[in-house]
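A short write-up of the structure that comes next.
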Amino acid sequence: MTDSLQRFLFENTPVRGQLVHLDATWRAVLERHEYPAPLRSLLGELMAAGALLSATLKFDGALIMQMQGQGPIKLVVVEVTSEGTLRATASWDGELQDAPFAELVGGGRFVITLVPTDGTQSYQGVVDLSGDSVAAVLEHYMATSEQLQTRLWLACDDRQAAGMLLQKLPEQEGADADMWNRATHLGATLSADELLKLPAREVIRRLFHEEDVRVFESTPLAFRCSCSRERVTAMLRMLGRDEVHSIIEERGKVEVTCEFCRKRYTLDPVDAEQVFAAQLQTQAGATRH
């Protein structure tokens with residue numbers, strides 16, 4: 001199987017669905033971080049969920065999901081772009097043991113941010129970390145913030161992450177009113193092993209072969225990080241000249257490591273001076289009349 005997202009809908013009903021498989025994309029995250037097993041499972045499921053939720057949106061930009069926990073797992077971040085790229089990172093305290101989801105995150109909040117590429121204002125929704133799984137948190141968010149009934153099935157191992165989403169849209173006149181109940185009942189029969197190992201079209205056929213389902217062309221997905229030297233430079237400018245100079249006096253250079261892809265950016269004293277020299281030139285040009 002390849003990294004892809006498969007959309008489908010039930011004809012003449014207000015019910016739609018998506019299936020996602022992340023293989024190389026998920027392994028690209030694992031290759032860059034040494035996450036303990038309980039965190040790997042949570043992060044993989046959130047990546048699959050992010051791809052599924054992003055596919056329900058019609059906008060150009062990035063969907064950023066954050067679980068800000070108060071337990072051993074402090075932060076989990078997944079970013080999905082409208083171009084079909086994903087990246088993820090997480091942080092935790094101490095040695096993580098296998099424990100229920102609620103104990104690992106210990107409360108906190110779940111934040112979804114939509115960042116348009118055209119520079120218009122971002123949208124942010126926040127709810128409590130309510131639920132006993134990643135799927136339950138997302139379902140709670142969709143019901144609370146978006147008023148959309150949504151069901152998610154997620155699975156993850158050391159090789160791949162996968163998920164299925166079903167969503168009920170506003171009622172349509174003359175539509176099959178019982179389709180949502182049937183679809184979610186059938187979805188509940190899907191095992192984690194089937195979700196991980198079966199191709200998307202086979203899952204759809206296995207679950208919904210008695211329904212009138214339209215299946216669309218699949219969309220490819222891939223790991224890609226948006227970090228760059230230009231973004232690092234912008235961050236250093238925000239820190240300020242004095243702070244950057246103090247780091248150089250202490251360490252002889254500035255090193256910045258991307259939390260997502262682990263790429264390291266190093267600036268020596270000359271590089272750092274050029275950062276602020278360019279800023280001064282820009283400011284001087286802006287004040288000329």
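The values are calculated or read from the model by the stated rules, or taken from the named source; none is laboratory data. Since the model is a prediction, treat every value here as computed from it, not as a measurement. All Cβ positions, glycine included, derive from the backbone under ideal geometry; neighbour counts span all protein chains shown. Accessible surface areas use protein heavy atoms only, side chains included; no ligands, DNA or RNA. Shrake-Rupley method; radii C 1.70, N 1.55, O 1.52, S 1.80 Å.
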- Message: What's the magnitude of the charge dipole for segment 1-152 around its Cα centre, counting Lys and Arg as +1 and Asp and Glu as -1 at the beta-carbon? Answer in Debye, nearest 20.
- Response: 240 debye
- Query: Taking only the alpha-carbon positions of segment 138-289 and ignoring solvent, what does the Debye formula give for the base-10 log of I(q)/I(0) at q = 0.09 Å⁻¹?
  - Reply: -0.60
- Query: Where is the GNM fluctuation largest for the chain (alpha-carbon springs, 10 angstrom cutoff): Leu166, Leu75, Leu198?
  - Reply: Leu198
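Would you mind working out the magnitude of the charge dipole of the chain relative to its Cα centre, with +1 at each Lys and Arg C-beta and -1 at each Asp and Glu C-beta, to the nearest 20 Debye?
Values: 29 positive and 41 negative charges, 135 e Å.
Computed about the Cα centre, the dipole is about 640 debye.
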- Task: State, to one decimal in nm², a quarter of the convex hull surface area for the C-alpha atoms of segment 67-207, i.e. the direction-averaged projected area.
- Result: 10.9 nm²
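Run lengths n ≥ 4 of DSSP H only: what is the helix-derived mean residue ellipticity at 222 nm for the chain, with -39500 (n - 2.57) per run over all residues, to the nearest 500?
Value at 222 nm, helices only: -11000 deg cm²/dmol.
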- Task: Search the structure for amide H atoms under 5 Å from the amide H of Gln149, placed 1.01 Å from N in the peptide plane, and list their residues when 5 or more places away or on another chain.
- Result: Lys168
- Task: Give the long-range amide H neighbours of Ser130: residues separated by 5 or more places, or on another chain, with amide H under 5 Å away, using H modelled in the peptide plane at 1.01 Å from N.
- Result: none
- Query: What's the percent breakdown of Cα-Cα distances in segment 129-224 across 5 Å bins, shortest bin first?
  - Reply: 2, 11, 19, 22, 21, 16, 7, 2, 0, 0
- Message: Taking amide H atoms as placed 1.01 Å from N in the peptide plane, list the residues 5 or more away in sequence, or in a different chain, whose amide H sits under 5 Å from that of Leu75.
- Response: Gly69, Ser91
- For the chain, which span is the longest to avoid every loop-located (per DSSP) member of GluC sites (Glu not before Pro) having at most 11 other Cβ atoms inside 10 Å? 96-170
- Message: Can you give me the solvent accessible area of Arg109 with a 1.4 Å probe, rounded to the nearest 10 Å²?
- Response: 110 Å²
- Please quote Rg/Rh for segment 1-63 to two decimal places, taking the Kirkwood radius as Rh and restricting both calculations to Cα atoms. 1.05
- Message: Just want the answer: with Cβ charges of +1 for Lys and Arg and -1 for Asp and Glu, which residue in Met67, Val232, Trp180 is farthest toward the dipole's positive end in the chain?
- Response: Val232
- Over the chain, what is the relative contact order in whole percent, taking alpha-carbon pairs under 8 Å and six or more residues apart? 23 percent
- Note on the structure: Under the Karplus relation with 6.51, -1.76 and 1.60 and θ = phi - 60°, whole-Hz ³J(HN,Hα) for segment 213-225, x at Gly and Pro, equal 10, 9, 10, 9, 5, 6, 10, x, 10, 7, 7, 7, 9
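Under the definition of Cα pairs under 8 Å and six or more residues apart, what whole-number percent is the relative contact order of segment 119-167?
Values: 50 pairs, mean separation 12.1, N = 49.
After rounding, I find 25 percent.
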- Query: Which residue, Lys197, Lys253, Lys263, has the most motion in a Gaussian network model of the chain that connects Cα atoms within less than 10 Å?
  - Reply: Lys253
- Message: I need the Debye-formula profile for the chain: one equal scatterer per C-alpha, no solvent, reported as log10 I(q)/I(0) at q = 0.07, 0.10, 0.14 1/Å, two decimals.
- Response: -0.32, -0.61, -1.05
- With the full set of protein chains in place, find how many percent of the accessible area of segment 197-273 is carbon and sulfur; take the probe as 1.4 Å. 48 percent
- Vicinal HN-Hα couplings computed from phi for segment 179-194 (Karplus, 6.51 cos²θ - 1.76 cosθ + 1.60; Hz; Gly/Pro x): 4, 4, 5, 5, 4, 5, 5, 5, x, 5, 7, 6, 8, 4, 5, 5
- Return the loop-located trypsin sites (Lys or Arg not before Pro) in segment 1-88 (DSSP other than H, G, I, E, B) with at most 11 other Cβ atoms within 10 Å of their own Cβ; answer none if there are none. Lys58
- Message: Among Val203, Pro269, Ile247, which residue has its Cα furthest toward the positive end of the charge dipole of segment 137-289, with +1 on Lys/Arg Cβ and -1 on Asp/Glu Cβ?
- Response: Pro269
- Message: Tell me the per residue accessible area of the chain using a 1.4 Å probe; a whole number in Å² is fine.
- Response: 52 Å²
